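A.B. asks: Have a look at the structure that comes next, please.
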Amino acid sequence: MVSKRRATTKSNGHPSGDERYTMIDRTMKTFKYEKDALLEVLNTAQESFGYLSEELLIYVSQQLEVPLSRVYGVATFYHMFTFDPLGEHNCIICTGTACHVKGSDRIVQALSEEFDLLAGETTADGLFSLTTARCLGSCGLAPVIVMDGQVRGKETPEGVMRQVKETIFLSKESREVEAEAG
């Protein structure tokens, strides 16, 4: 018996024409469309699109034949998933108990004030997103941040601010060079 979901996929790509869906389809096929593959499929979707849109959640729900409520429940449980596009650079700050006690709230406050945004928001120029996570599992390194995928421990507001400003400055400089060349 051929599943409807596989029958809708053309051999030359996803029916939408968006090749990013092909990566998601490939992951589902690898895991034989098992419902237990939901976390892996969501991870592939996040990597492919940069965030999980409502359309993506519905697609995954339909393809794996999993209730949308379950897909949403899994996506909201894990800090690594986001429902809005992130900036070019992302700083995740752990707000778990150990990190909070060691000052992660001061890091969030400093970045919020400096860039005029709240946790979960992105700057207007799209260069920087500030996010928080309930726990990153590195309590011995508290307070912990993840800057562009790199875990950093025993951070201070000043140290994080310096790193973020330098990162943004280099991005702006790179954009200017590209604009002049192109």
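A.B. asks: In the range 112-153, what count of residues is obtained for those that are assigned to a loop (DSSP other than H, G, I, E, B), touching a Cys at 6+ places or on another chain (Cβ under 6 Å) and within 21 Å of residue 77 (Cα to Cα)? Quick ask: steps written out before the conclusion?
C.D. replies: Filtering the range 112-153 down to residues assigned to a loop (DSSP other than H, G, I, E, B) leaves 116-120, 123-127, 134-138, 142-144, 148-149, 153.
Cutting the leftovers down to touching a Cys at 6+ places or on another chain (Cβ under 6 Å) gives us 136, 142-144.
Filter once more, keeping what is within 21 Å of residue 77 (Cα to Cα): 136, 144.
So the count comes out to 2.
A.B. asks: Do you know which residues across the range 116-150 are within 14 Å of residue 90 (Cβ to Cβ) and touching a Leu at 6+ places or on another chain (Cβ under 7 Å)?
C.D. replies: Hits for the range 116-150 are 117, 119, 121, 122, 123, 129, 130, 146.
A.B. asks: Looking at the range 35-73, which of its residues are surrounded by 13 or more Cβ atoms within 10 Å (Cβ to Cβ) and either small (Gly, Ala, Ser) or assigned by TED's automatic domain parsing to the domain that holds residue 145 (or both)?
C.D. replies: Matches in the range 35-73: 37, 45, 48, 50, 53, 61.
The values are calculated or read from the model by the stated rules, or taken from the named source; none is laboratory data. Please read these numbers as outputs of a predicted model, since none were measured by experiment. Cβ sites come from the backbone with ideal geometry, for glycine too, and all protein chains shown count toward neighbours.
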